[in-house]
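First comes the structure, then the notes that go with it.
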Amino acid sequence: HPRLPAVPYLVTLTRAGAQEVEVWPISLPDPLPIIPVPLRPPDVDVPLDLAAALRDIYDEAFCNLSIDYRELPPKPTLTEGDLAWMEALLTPLRTEA
């Protein structure tokens, strides 16, 4: 078995009847991938845009009202690199409020 990369997140997909697992390694600053959703033959895979799906869920669930982005340190604990990325992303949003 190949070793999995040392990243905090993995998207995995196993097709029915297959022994292999498809893996998309993701670090926090990485964009979420578009993954193929397998259907039954003879239908072809359908693309699922994980970033778009997460944005829709975030908006529909009003997560912006329940998550305090000013809370430090964030939970879960981030690496120094991920924390710097998060700060660069959130600093402009904090000044808008």
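The values are calculated or read from the model by the stated rules, or taken from the named source; none is laboratory data. Just so it is clear, the structure is predicted and the values come from calculations on it, not from any experiment. As a convention, Cβ positions derive from the backbone with ideal geometry for all residues, glycine included, and neighbour counts pool all protein chains shown.
Exactly one residue out of Ala97, Ala53 is modelled with pLDDT of 85 or more and at negative phi: that is Ala53. Taking segment 1-21 as the search range and keeping residues that are over 16 Å from the mean Cα position of the chain (by Cα) and not aliphatic (A, V, I, L, M), which one is farthest from Pro42 (Cα to Cα)? Checked segment 1-21; the qualifying residue farthest from Pro42 (Cα to Cα) is Arg3. Whether a residue is over 20 Å from Arg94 (Cα atoms) and charged (D, E, K, R) was assessed, and Asp45 passes this test. The single condition among (1) exposed (fewer than 10 other Cβ atoms within 10 Å of the Cβ); (2) assigned to a strand (DSSP E or B) that Trp24 does not meet is (1).
Scanning segment 1-21 for residues that are closer than 26 Å to Lys75 by Cβ and surrounded by 12 or more Cβ atoms within 10 Å (Cβ to Cβ) yields Val7, Pro8, Leu10, Val11.
If you scan segment 29-80, which residues turn out to be under 16 Å from the mean Cα position of the chain (by Cα) and part of a helix (DSSP H, G or I)? Matches in segment 29-80: Leu50, Ala51, Ala52, Ala53, Leu54, Arg55, Asp56, Ile57, Tyr58, Asp59, Cys63.
Where residues in segment 35-82 are among the hydroxyl-bearing types (Ser, Thr, Tyr) and loosely packed, with under 11 Cβ neighbours inside 10 Å, which of them is farthest from Trp24 (Cα to Cα)? By that ranking, first place goes to Ser66.
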